Each structure stands twice: as C-alpha cells, then as structure tokens.
Amino acid sequence: QVQLVESGGGLVQAGGSLRLSCAASGRTFRTYAMGWFRQAPGKEREFVAAIRLSVGSTYYADSVEGRFTISRDNVKTTVYLQMNSLKPEDTAIYYCATSRGYGASRPYDKAWYDYWGQGTQVTVSS
C-alpha cells in the first residue's frame, strides 16, 4: 500500500558527497517516521538515520554522526540523506523505509518499519 523509490546513489571518491532521495506514494497518511538503512555485501542491514515526520526529530548511527544529515518534505512525503565526507566503509545499498509508529518508538530497529524501497547503490572508491 506504500511504495518507496530511492534515488541519488552512484559512484563517488572518498571525501565526496551524495544526496539520496526517497519518495513515498500510496497510502502514506499514517506514516509516522521514515528512515535510511544500508546493507553491504555479507553484512546485516544496519541503521543509518531516521526522522519523525511531524516534529522533525532526527536519529543517527554513530558511524555517520556529523557527516550525514536527514531531512524531510512532508508535503511530498519525501526524505533526503545528505552524505558528506564519504568513506569506502559507506559503500552499500541504501534502503528507505517508513514506519506507522505503532508501539514503542524504535527508530534504530529495522523491525519497527513497515515498508521498504528497493534500494540505491552507493559506492565510495579510495
């Protein structure tokens, strides 16, 4: 009932920047928060950043704190991830997700999210 489309991924040199976008469509009226996760080959999907759509509270993984910034456009139900000072360790498929916010707030937990996009590849070369 909710469709998510990520865009903005690509190949960038270490130290460079990328801006990812995630546009949600369909039955998005009850969306409480949106987040970004990433998954590198052979690793589990891990939390990157999240934002509460109403109040704008943000959450970041320690590994990206100070380098990445998440923001939102509530009219479009779209979130962005500005990624600066990229490192080779940031190479992964980046996934966008939405949460209806039921139960306790767990923005860091992928199980808290309901719908997922197909992902966009980010590759950082050294």
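The values are calculated or read from the model by the stated rules, or taken from the named source; none is laboratory data. In this text the structure is predicted, and so the values were computed from the model without any measurement. Cβ placement follows ideal geometry from the backbone for every residue including glycine, while neighbour counts extend to all protein chains displayed. For the accessible areas, the whole protein counts, side chains as well, though only heavy atoms, and no ligand, DNA or RNA atoms are used. Shrake-Rupley method; radii C 1.70, N 1.55, O 1.52, S 1.80 Å.
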Listed by chain and number, the aspartates and glutamates with an alpha carbon less than 19 angstrom from that of residue 43, same-chain partners under 8 positions apart left out, are 62, 89, 90, 109
With +1 on the Cβ of every Lys and Arg and -1 on the Cβ of every Asp and Glu, the dipole magnitude of the chain about its Cα centre, in debye rounded to the nearest 20, is 340
The answer for the chain, accessible area per residue at 1.4 Å probe in Å², is 52
Residue farthest toward the positive end of the dipole of the chain, with Cβ of Lys/Arg at +1 and Asp/Glu at -1: which of 47, 98, 31? 31
Which percent of the accessible area of the chain is formed by carbon and sulfur heavy atoms (probe 1.4 angstrom)? 47
Per-residue accessible area for residue 22 at 1.4 Å probe radius, Å² rounded to 10? 0
Whose amide H sits under 5 Å from the amide H of residue 115, counting only residues 5 or more places off or on another chain, with H placed in the peptide plane? 98
At a probe size of 1.4 Å, how large is the accessible area of residue 7, to the nearest 10 Å²? 60
116, 36, ranked by accessible area, largest first (probe 1.4 Å): 116, 36
Report the Cα centroid-to-centroid distance between segment 52-126 and segment 1-33 in angstrom, as an integer. 8
